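Peer 1: This is the structure I have questions about; it appears just below.
Values in this text are rule-based calculations from the coordinates and carry no lab data. Not measured: the values here are computed from a predicted model. All Cβ positions, even for glycine, are placed from backbone atoms using ideal geometry, and neighbour counts span all protein chains on display.
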Amino acid sequence: MGEALAHRVDGDLIVYAIPRGGVIVAREVARALGAPLDLALVRKIGAPQNPEVALAAVIDGPHPRMVINEDVVRITGASADYLEHERVTALAEIERRRRLYLGDRGRVDPKGHVAVIVDDGLATGATARAAIAGLRAGGARRIVLAVPVASRELAASLRQEVDELVCLVEPETLRSVGGWYADFHQISDAEVIACLDTVRS
């Protein structure tokens, strides 16, 4: 991923990882590009009775933003009250992660920079869309989304929302992101902190 990006991005770069799985990939991207690594703290909101299905996603910041999968809302019948309750819960979890992962370290301001958003893959695109909206609102000069795998249809859709999408594999259908990894274990908070410390050191 780092090699693919090296020939396609330049300028004042900041790599933003989507925790937790995206941090592992983003660490290597930041190293390859010689760029600072920060977090795009996004939280998926799962559908009622089926939390693995992304109903929406929220990103924090001075003006928190929520991106809603309207098709999923219609199919599941999720109410506005449900969405609002889950949005508040998600923002509380994001704040917990910010304190845990970053401590007293301030945000890296995207204003005027090229923001490279990295995740471990795209299933529905909800978290990526929230990250894009948040960083664009923060004044990023250019937004590049970089992922190892996404379905061809989703990749085509997201290309319309960013300045550039770099995706290594685009299968016709994507049953799961984990199916494309030899090791897709649940990334722990400790691993996220270690990745950040490695790049900072």
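Peer 1: Looking at the stretch 12-46 only, could you name the residues that are in a helix (DSSP H, G or I) and of a type in the set (Lys, Arg)?
Peer 2: Result: Arg27, Arg31.
Peer 1: Just give me the residues in the stretch 77-130 being aromatic (Phe, Trp, Tyr) and either within 18 Å of the chain's Cα centre (by Cα) or within 19 Å of Asp163 (Cα to Cα) (or both), in sequence order.
Peer 2: Across the stretch 77-130, the qualifying residue is only Tyr101.
Peer 1: Scan the stretch 152-163 for residues that are in a loop (DSSP other than H, G, I, E, B) and surrounded by 10 or more Cβ atoms within 10 Å (Cβ to Cβ) and report the count.
Peer 2: 3
Peer 1: Take Arg74 and decide whether it is more than 30 Å from Glu172 (Cα to Cα) and among the basic types (Lys, Arg).
Peer 2: It is false that Arg74 is more than 30 Å from Glu172 (Cα to Cα) and among the basic types (Lys, Arg).
Peer 1: Given Val166, Val147, Val116, Val108, which one is of a type in the set (A, V, I, L, M, F, W, C), over 14 Å from Ile18 (Cβ atoms), in contact (Cβ under 8 Å) with a residue 12 or more places away in the chain and in a strand (DSSP E or B)?
Peer 2: Val166
Peer 1: Hey, can you tell me all the residues within the stretch 3-52 that are free of Cβ contacts under 8 Å to residues at least 40 places away in the same chain, of a type in the set (Gly, Ala, Ser) and either surrounded by fewer than 15 Cβ atoms within 10 Å (Cβ to Cβ) or closer than 20 Å to Glu191 by Cα (or both)?
Peer 2: Within the stretch 3-52, Ala6, Ala32, Gly34 meet the criteria.
Peer 1: Continuing with this model, one more query. Limited to the stretch 71-100, what total is found for residues that are among the hydroxyl-bearing types (Ser, Thr, Tyr) and touching an Asp or Glu at 6+ places or on another chain (Cβ under 7 Å)?
Peer 2: Residues in the stretch 71-100 being among the hydroxyl-bearing types (Ser, Thr, Tyr) and touching an Asp or Glu at 6+ places or on another chain (Cβ under 7 Å): 0 in total.
Peer 1: Sticking with this structure for a sec: Can you name the residue in the stretch 179-193 that is of a type outside the set (Phe, Trp, Tyr), assigned to a helix (DSSP H, G or I) and surrounded by 14 or more Cβ atoms within 10 Å (Cβ to Cβ) and is also nearest to the chain's Cα centre (by Cα) among such residues?
Peer 2: Val192
Peer 1: Within the stretch 47-77, track down each residue that is in contact with a strand residue (DSSP E or B) (Cβ under 7 Å, 6 or more places away or on another chain) and assigned to a helix (DSSP H, G or I).
Peer 2: Result: Val72, Val73, Thr76.
Peer 1: Taking into account only those residues within the stretch 132-141 that are small (Gly, Ala, Ser) and in a loop (DSSP other than H, G, I, E, B), which is nearest to Leu41 (Cα to Cα)?
Peer 2: Applying the filter and picking the extreme gives Gly138.
Peer 1: Among Arg96, Arg129, Arg87, which is under 20 Å from Ala56 (Cα atoms), part of a helix (DSSP H, G or I), of a type outside the set (Val, Ile, Thr) and without any contact (Cβ under 8 Å) to a residue 12 or more places away in the chain?
Peer 2: Arg96
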